[in-house]
1. Check the stretch 195-207 and report whether any residue there is within 30 Å of residue 122 (Cα to Cα) and surrounded by fewer than 21 Cβ atoms within 10 Å (Cβ to Cβ).
2. Can we say residue 202 is under 16 Å from residue 131 (Cβ atoms), modelled with pLDDT under 85, under 18 Å from the mean Cα position of the chain (by Cα) and not assigned by TED's automatic domain parsing to the domain that holds residue 79?
3. Only one of these is in contact with a helix residue (DSSP H, G or I) (Cβ under 8 Å, 6 or more places away or on another chain) and either over 20 Å from residue 68 (Cβ atoms) or not in a helix (DSSP H, G or I) (or both): 43, 32, 39, 24. Name it.
4. Scan the stretch 260-292 residue by residue and report those that are without any contact (Cβ under 8 Å) to a residue 24 or more places away in the chain and under 30 Å from residue 182 (Cβ atoms).
5. Go over the candidates 215, 221, 287 one by one and state the one that is on the phi < 0 side of the Ramachandran plot and either crowded, with 19+ Cβ neighbours inside 10 Å or assigned to a loop (DSSP other than H, G, I, E, B) (or both).
6. Identify the residue in the stretch 1-21 that is within 28 Å of the chain's Cα centre (by Cα) and in a loop (DSSP other than H, G, I, E, B) and, among all such residues, is surrounded by the fewest Cβ atoms within 10 Å (Cβ to Cβ).
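The values are calculated or read from the model by the stated rules, or taken from the named source; none is laboratory data. Quick caveat, the model's predicted, so the values are computed rather than measured. FYI the Cβ positions are ideal-geometry reconstructions off the backbone, even for glycines, and counts take in every protein chain you see.
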């Protein structure tokens, strides 16, 4: 059985698009060529990889196994290329790190600062994602390390507890919420919100609201926590943020109230598919993040 990298990329493209035609178009190949390649893969394997139906195609059990291995192999190839490419620019290693909003707010910046200062030949590709997406990316080998809240299913990953976090509601001191000892999520969903645009936290809150059959109404979403504070102070709306990000919000005119739901008290975990299989530079970063 011999599959080349083009075969693997082509098969993933077809499965992800659910169509031979769309998969061929995405790979800039003729449909006949795609059909021939997949038929050759099935012949080499001795089992069908795709099921055809009126809507397109889907992977068989054998095809799903191939998808899993193909993603792993192609991910390793891309990692190899990335590491080798960095030598041409004078860098000796890159680390792919994914983080949720809470860790980016306060936990990560000082530690990453110390790490990059200590290792000038290393660089970090840092992306903010929802915890559930980070778990999937790590399981599929698309990142070295991730920092997630324990709201996600961590069963398929190795984890280390590194910090704790609490979600809080921020409101104008004249708002009714300012007089509460804590705020229930369901009781504030009718309020207008001010959000942080593109923040992974907002995706998590939207999912929690949908479980209640509700939707968060954002009057505006800002990129800066300072701008969010300005909007709240003038009564534009309220916000739910990580307590770790509230240092700049502790000022006259604003009230900070804990969110009372059990899921609002979260633990942050450093995760990897296998810590013993990390690259040497990713292992260095993991050790830095595990230091108290």
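1. For the stretch 195-207, residues within 30 Å of residue 122 (Cα to Cα) and surrounded by fewer than 21 Cβ atoms within 10 Å (Cβ to Cβ): present.
2. Criteria met by residue 202.
3. Checking each option against the conditions leaves just 24.
4. 262, 292
5. 215
6. 18
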